[in-house]
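Undergrad: Have a look at this one before I ask anything.
The values are calculated or read from the model by the stated rules, or taken from the named source; none is laboratory data. Just so you know, these numbers come straight off a predicted model, no measurement behind them. Glycine also receives a Cβ, built like all others from the backbone with ideal geometry; neighbour counts cover every protein chain displayed. Heads up: the accessible areas ignore ligands, DNA and RNA and are worked out on the full protein's heavy atoms, side chains in. Shrake-Rupley method; radii C 1.70, N 1.55, O 1.52, S 1.80 Å.
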Amino acid sequence: MPTVAGNALRVFKERVVLLVKLTTASGAVGWGETWAYPGPASVLIKTSLAPIVLGADATNPRALQARMLKVAVPDRRGQAHMAVSAVDIAAWDAFGHVVGRPIHALLGGAVRDKIMTYASGPLLPAGDDRYAGFADEITRYVQAGFQAVKIRIGASMREDLRVIREARAILGKEAFLMADLNESSNVRDAVLLAQAASDADLGWLEEPVSHDNLPAYKRLSKLLPVPLAGGESFCGVQAFRDVLCDGSLDVVQPDLALCGGITEGMRIAGLADAFEVPVAPHVWGSCVNFLASLQYAAVLSPRQGRIPFPLFEYDMSFNPLRALIYDAMPDADGRLAIPDGPGLGVEIDIDRLAEHVKDYWVLEL
């Protein structure tokens, strides 16, 4: 990273992902990704998943994912799902290349060919001024064509209110504005903040407290004057079942590179449909997760309300792992076209990332 930055709880100096390439007997290639713990995921794939994957039917990702999840029995909410995610995304991409169709066609067909996109950022720089350069960044998003923005907050109540209002002033009254606390607050402070920021008309408040503090989310859902969003760190459909059954979240945000891949993402979307809760995928990492999430977003059910769900997250921080492969921007209406090439929709020219590769390994049947 050009500078050390992050969110209210943690900062980082580099971006790291694990990319997985599957090659079929016919020579078709699929790419997958996970990013939270790439080192452990790599080991799990090599030691536990590879015997399941090598020799599997390249045109049946669902069956492959079911077999891989059998190794997740003692770890149904974490690392195993992350490793499975990378392989599952790659399997869907490979399937698309075998049959010459985009993933959204393999999932039953696209509901849309463009999606409303929101700029996600900026990262909070390390140091005394966590909002240094904030106004310039929000202005850059507007100039890039975004009509919706999600900002990171959590430095302090006073500074959070200041930048929420500053963002609203820059965006204007009609744009959608959301705020993400990245698990840095508590129930009482989050409610006070949302009440004090009522003049900024927030579209949602994201992850005010630790993602697995389900009792706190249930309390927040009753007290907050704005919609409550979360779920980016949930692994497996069962984690989403719990918050949907008790009505804790107004917006669910599965990350395909963590939750179990595209196969699990479709289960989560179906569950959310049953509760009429919108899905807004969390998108982080490299070009692979970005493109997979676009294919997923193409088939998500629309939801009524003032925010045109589903919304698509566009990380605006420094990210050559995405930009060197795919750097499309929204059109004048703030919408991003969904690629319709085979698999992920865009060919992954991995040579463009060659200077960023720190390690690699190959397993063959």
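Undergrad: If we sort 85-92, 275-282, 333-340, 228-235 on the protection proxy, mean other Cβ atoms within 10 Å, highest first, what's the order?
TA: 85-92, 228-235, 275-282, 333-340
Undergrad: Could you check how much of the accessible area of segment 259-365 is carbon and sulfur, as a whole percent, using a 1.4 Å probe? Mind dumping the intermediate values first?
TA: Working: 2380 of 4600 Å².
Here carbon and sulfur together make up 52 percent of the probe-accessible area.
Undergrad: Out of residues 5 or more away from S120 or on other chains, whose amide H comes under 5 Å of its own, with H placed 1.01 Å from N in the peptide plane?
TA: Correct list: K150, Y314, D315, M316.
Undergrad: Hey, another quick one. How many times 2.2 N^0.38 Å is the alpha carbon radius of gyration of segment 143-297?
TA: Scaled against compact globular proteins, the figure is 1.03.
Undergrad: Under a 1.4 Å probe, what is the accessible area of segment 114-236 per residue, stated in Å²? Don't skip to the end; give the middle numbers.
TA: Values: 4960 Å² over 123 residues.
Heavy-atom accessible area per residue stands at 40 Å².
Undergrad: Now for a separate question. Under unit Cβ charges (Lys, Arg +1; Asp, Glu -1), what dipole magnitude, rounded to 20 debye, does the chain have relative to its Cα centre?
TA: 600 debye
Undergrad: Continuing with this model, one more query. What fraction, in whole percent, of alpha-carbon pairs in segment 302-348 exceed 13 Å separation?
TA: 69 percent
Undergrad: If you filter segment 211-316 for trypsin sites (Lys or Arg not before Pro), then keep DSSP loop positions with at most 12 other Cβ within 10 Å, what is left?
TA: Sites meeting the loop and neighbour criteria: R306.
Undergrad: I've got another one for you. Order these peptides, 74-80, 159-165, 146-152, by their mean beta-carbon neighbour count within 10 angstrom, highest first.
TA: Result, highest mean first: 146-152, 159-165, 74-80.
Undergrad: Moving to a separate point now. At 24 angstrom or more along the helix axis (alpha-carbon based) and mean Kyte-Doolittle of -0.5 or higher, what helices does the chain contain? Whole DSSP H runs only.
TA: Details: long enough: 79-99 (31 Å, 0.85).
Flagged H segments are 79-99.
Undergrad: Restricting to the chain, what percent of DSSP beta bridges are antiparallel, rounded to 5?
TA: 40 percent
Undergrad: Also: Which part of segment 261-298 falls in the paramagnetic zone of D113, meaning amide N under 19 Å from the point 7 Å along Cα-to-beta-carbon?
TA: Zone members listed by number: 294-298.
Undergrad: Compare the Cα positions of A292, H282, M316 along the charge dipole of segment 252-364 (+1 at Cβ of Lys, Arg; -1 at Cβ of Asp, Glu; about the Cα centre) and return the one farthest towards the positive end.
TA: H282
Undergrad: Taking only the C-alpha atoms, wrap a convex hull around segment 236-330 and report its volume per residue in Å³ as a whole number.
TA: Enclosed volume per residue, from the Cα hull, is 100 Å³.
Undergrad: Could I ask something else about it? Based on the inverse mean of 1/r over its pairs of different Cα atoms, what is the Kirkwood hydrodynamic radius of segment 165-254, in Å?
TA: Hydrodynamic radius (Kirkwood, Cα pairs) of segment 165-254 is 13.4 Å.
Undergrad: Which value in nm describes the separation of the simple spin-label points at H211 and E174, placed 7 Å from the Cα toward the beta carbon?
TA: About 3.5 nm, to one decimal.
Undergrad: So how far apart, in nm, are the two label points at I350 and V43 if each is 7 Å from Cα heading toward Cβ?
TA: Modelled inter-label distance: 2.3 nm.
Undergrad: Additional query: Using only C-alpha atoms and all pairs of different ones, pull out the Kirkwood radius for segment 8-61 in Å with one decimal.
TA: Kirkwood radius, segment 8-61: 13.1 Å.
Undergrad: Follow-up question, since we're still on this one. Write down the Å³ per residue value for the convex hull defined by the alpha carbon atoms of segment 11-125. Please report the intermediate quantities before stating the final value.
TA: Values: hull volume 16.2 nm³, N = 115.
Cα convex hull per residue, to the nearest whole number: 141 Å³.
Undergrad: Packing-wise, with mean Cβ within 10 Å as the measure, how do 43-51, 202-210 rank, highest first? Let's see the in-between values first.
TA: Working: 43-51: 16.2, 202-210: 24.1.
Descending packing order for the listed peptides: 202-210, 43-51.
Undergrad: So if I place +1 on the C-beta of Lys and Arg and -1 on the C-beta of Asp and Glu, and nothing else carries charge, what would the dipole magnitude of segment 68-131 be about its Cα centre? I want it in debye, nearest 20.
TA: Details: 7 positive and 6 negative charges, 60 e Å.
The dipole magnitude comes to about 300 debye.
Undergrad: In Å³ and rounded to a whole number, note down the convex hull volume per residue for the Cα atoms of the chain.
TA: Dividing the Cα hull volume of the chain by its residues yields 126 Å³.
Undergrad: Taking 24 Å as the cut-off for C-alpha to C-alpha distance, list the pairs among K46/K70; K70/K358; K21/K70 that go past it.
TA: K70/K358
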